[in-house]
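The values are calculated or read from the model by the stated rules, or taken from the named source; none is laboratory data. Note that the structure is a prediction, hence the values are computed from the model and not measured. With ideal geometry, Cβ positions are generated from the backbone for all residues, glycine too; neighbour counts draw on all protein chains shown.
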Amino acid sequence: MKKTIIAAAFIMFASLSYAAFYANMVEEDSYIDAVEAMEKKDYEGARKAFSSFNEKFKESKYRPTVLLRLAELSPDTDSAVRYYNEVEKNFPDSEYEAEAVFSLGRLYYATDDTSAAKKYFNIIMQKYSGMVWVEEAYYYMILCALKEKNYKEAEKVYDAYTAAQKYFIFKNRMTLAYADSLFDTGRYKDAAVKYREVIEKYEAGDKNIYMPHVYFRLAEACRRDGDQNGAANAESDLKFKFPESSEAQGQESAITAANTPVPAKTQKPAATAVATQAAANTSAGGTFYTIQIGAYTNKVFAAKLIAKFREDKYNVFTKDEGKFLKIYIGRFATKEEADAYAVKFAGKEKITNYLVKQGWE
């Protein structure tokens, strides 16, 4: 009898152990499948796989990472914010929270909410100063200051960054941002020094710095400071190294536009009417107003959205900003025209988040 009881207990224990082992294998396989889909750039497949994992394995050790990837793969800002907030709430004082906080700051920066962006970057700089995101947080902080035209704050951030004497990855980009701040406040001699420093430290192939802008600004800073020889030399270098750039033609560009619509095989009547109105109200050039409908790290989602709107004959253009691709619709002579069109466009295309803002040719 005693042996029978022991044997039964052993069988039960073995069964439970096998069940736990099997459940763990299913969890591991599900996570690996989602990761592999993302590595293969099957972003829609990865999003579905991570979403399924998140529903099935609420207590998984992988859950914070899954939530972060779901935020990254989200097709809209609200969903991304929701996932990042969940990480903040459920995994405080961890590297996961730090990544979520930094990502929120970057997301709000991309949507031009600099006040919210700075709040999150400050958390990184103060609470997570020893983690990998802190140097980039400094960079975004100075960019926020420039967007707000708060040049005193820009200088304060730059001084704090350089005083630390331990950062180098974003050093040239920080110098360029500070040079622009000096230029915008009329400190042309100091700006020229910093622009030359950027050129000296620039490495060919650095996609994070648009060098035609640097040479253009250097030439202009020298000219306004009365250094005509310096201006001529900078202009000569610009035309020799970047002859096809708009800067080499004497015009500094702020937005890279792609305005040629893709011919549509079939056209939706309702979309055509709205798009036609946009074309009629579009500003011909110079300063204009436009509608920002998204800022995406997931270039696949962005490309699908761009293709859809171009197929419907919308005036679509984009701008790369850091890791984000921003999508804009229409060019309008006045803010009132842009506001009125934005309401109609958002209703027709079921867009819940958009931002009317000023743009430049």
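Among the residues of the range 39-63, count how many are in a helix (DSSP H, G or I), surrounded by fewer than 18 Cβ atoms within 10 Å (Cβ to Cβ), touching a Phe, Trp or Tyr at 6+ places or on another chain (Cβ under 9 Å) and without any contact (Cβ under 8 Å) to a residue 40 or more places away in the chain.
Of the residues in the range 39-63, the ones in a helix (DSSP H, G or I) are 39, 43-56, 63.
Adding the requirement that they be surrounded by fewer than 18 Cβ atoms within 10 Å (Cβ to Cβ) leaves 39, 44-45, 48, 51-52, 55-56.
Next, only the ones that are touching a Phe, Trp or Tyr at 6+ places or on another chain (Cβ under 9 Å) stay: 44.
Then keep just the ones that are without any contact (Cβ under 8 Å) to a residue 40 or more places away in the chain; that gives none.
Looking only at that region, the number is 0.
Under 8 Å between Cβ atoms, at least 6 apart or on separate chains: pull out the pairs that start in the range 158-185 with a residue that is of a type in the set (D, E, K, R) and end on any residue that is part of a helix (DSSP H, G or I).
Pairs found: K171/K201; R173/Y139; D180/L146; D180/A191; D180/R217; D184/L146; D184/Y151.
Please specify each residue of the range 119-134 satisfying the condition of being buried (at least 21 other Cβ atoms within 10 Å of the Cβ) and not hydrophobic (A, V, I, L, M, F, W, C).
Y120, the sole residue that qualifies.
I'd like to check something: does the range 156-168 contain any residue that is in contact with a Ser or Thr (Cβ under 9 Å, 6 or more places away or on another chain) and either surrounded by 17 or more Cβ atoms within 10 Å (Cβ to Cβ) or in a loop (DSSP other than H, G, I, E, B) (or both)?
Yes: one or more hits.
Among the residues of the range 95-116 satisfying the criterion of being of a type in the set (G, A, S) and within 13 Å of the chain's Cα centre (by Cα), which is modelled with the lowest pLDDT? Reasoning before the result, please.
Looking only at the range 95-116, we keep the residues that are of a type in the set (G, A, S), and these are 98, 100, 103, 105, 110, 115-116.
From the residues that got through so far, the ones that are within 13 Å of the chain's Cα centre (by Cα) too are 103, 105, 110.
Numbers: S103: 94, G105: 94, A110: 86.
Restricting to residues being of a type in the set (G, A, S) and within 13 Å of the chain's Cα centre (by Cα), the top hit is A110.
Condition check ((1) at pLDDT 50 or above; (2) within 30 Å of V343 (Cα to Cα); (3) among the polar types (S, T, N, Q)) across all residues:
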| residue | (1), (2), (3) |
| --- | --- |
| A219 | yes, no, no |
| R223 | yes, no, no |
| D227 | yes, no, no |
| G230 | yes, no, no |
| S253 | yes, yes, yes |
| K268 | no, yes, no |
| Q277 | no, yes, yes |
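Mind checking whether some residue in the range 188-204 is among the aliphatic types (A, V, I, L, M), touching a Gly at 6+ places or on another chain (Cβ under 9 Å) and surrounded by 13 or more Cβ atoms within 10 Å (Cβ to Cβ)?
Scanning the range 188-204 turns up at least one residue that is among the aliphatic types (A, V, I, L, M), touching a Gly at 6+ places or on another chain (Cβ under 9 Å) and surrounded by 13 or more Cβ atoms within 10 Å (Cβ to Cβ).
State which residue is surrounded by the fewest Cβ atoms within 10 Å (Cβ to Cβ) when the search covers only the range 80-111 and only residues that are closer than 21 Å to K326 by Cα and among the basic types (K, R).
Looking at residues that are closer than 21 Å to K326 by Cα and among the basic types (K, R), I get R82.
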